[in-house]
Amino acid sequence: MAIQQAPLPTLKKPEQTEPKKISAAEVLSRIQTVPAERYQIRRELNLGGQGACKVAFDQLAEREVILKISHPQNGWGADRIVKEARYAAKLNHPNVTRLLEMGAFGKDQIFITMPSIDGSSLDQILQKISETSIPGLTGYSITAIAELFDKVCAGLEHAHANGLLHLDLKPQNIIVGSKGEVVVVDWGIAQLVNAPEMPRRYASNEQPATPSLMTTLTGNLVADGNLRAIGTPAYMSPEQWAGDPGTFTERTDVYGLGGLLFFMLTGHAP
């Protein structure tokens, strides 16, 4: 006699609710505060000229990290650190920097930590090669340049796949590690694809009135309020010069890649 099995119960799918969005302003009241003594500062580190970074030893995790702290006087308020942290949290790829932790020292100073890389930025490497008078194309073989550039492209492709534009590709923002790592860093002026943000006027002490070709720009110029720019002049696209975020696409970063490759082949910006 066949045994009749009871039908399996239909499981109801749990309702998925959209997580509540927390504004950058709210983060300060919710973020975990840690004692500053947790991080032992080892040395200063300048990554791309956007915000002050330090190499620090995290005593709890027992590892070196890159520590970036909000500094309103230099134009790096808590909202900008939170924005960079959220963008970095979208990325998980060997050729882009990633977020380790976000926290606060006291009630008004937010920090983020990122993996520390034992290496130098691409412009520092070129300068060392130039000082030692190594002949050839910036001291690299064509094959080495192609391999390095391919890793930069892979990191940027990952960012674009996750809906993120870098908007500040330049040699200072490419770190080459002593173990062959190639990492795109500094997502401080990054923007979401198809989610434009209006440029802000510089704070009076955020940028010089007459920025250089290597100064990262983030809004209206102090010297002329009618001029807007987002990015680094020596490498940014025409639409970045026009300062209209609504026109930024993946092609905007591809233009920056072209400028980066030009630098790698010739030793100077376009």
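Miscellaneous remarks
- Subtracting the Cα-Cα distance of Asp118 and Thr247 from their residue separation scaled by 0.36 nm leaves 42.8 nm.
- Full extension of the chain segment joining Leu213 with Thr266 gains 17.4 nm, where the gain is 0.36 nm per residue of separation less the Cα-Cα distance.
- Subtracting the Cα-Cα distance of Asp150 and Lys128 from 0.36 nm times their residue separation leaves 5.7 nm of extension gain.
- 3J(HN,Hα) from dihedral phi, the range 98-115, Karplus parametrisation 6.51/-1.76/1.60, rounded to Hz, x for glycine, proline: 9, 7, 9, 7, 10, x, 9, 9, x, 8, 9, 10, 8, 9, 10, 10, 9, x
- Over 28 Å (Cα to Cα) - which of Lys54/Lys151; Lys21/Lys179; Lys54/Lys170; Lys90/Lys151 fall in this group: Lys21/Lys179
- Virtual spin-label span in nm between Gln40 and Phe57, 7 Å along Cα→Cβ: 0.3 nm
- Note, ³J(HN,Hα) from phi for the range 167-179, Karplus 6.51, -1.76, 1.60, rounded to Hz, x at Gly and Pro: 6, 8, 6, 6, x, 5, 9, 10, 9, 10, x, 5, 9
- Ranked by how many other beta carbons lie within 10 Å on average, peptides 164-170, 63-69 from highest: 164-170, 63-69
- Scalar couplings 3J(HN,Hα) for the range 153-164, obtained by applying the Karplus form with A = 6.51, B = -1.76, C = 1.60 to θ = phi - 60°, are 4, 5, x, 5, 4, 4, 4, 4, 5, 9, x, 10 Hz; x denotes Gly and Pro.
Taken together, the values in this text are just the output of simple stated rules run on the coordinates, not laboratory data. Model, not experiment: these values are computed from the prediction. Glycine gets a Cβ as well: all are built from the backbone with ideal geometry, and neighbour counts include every protein chain shown.
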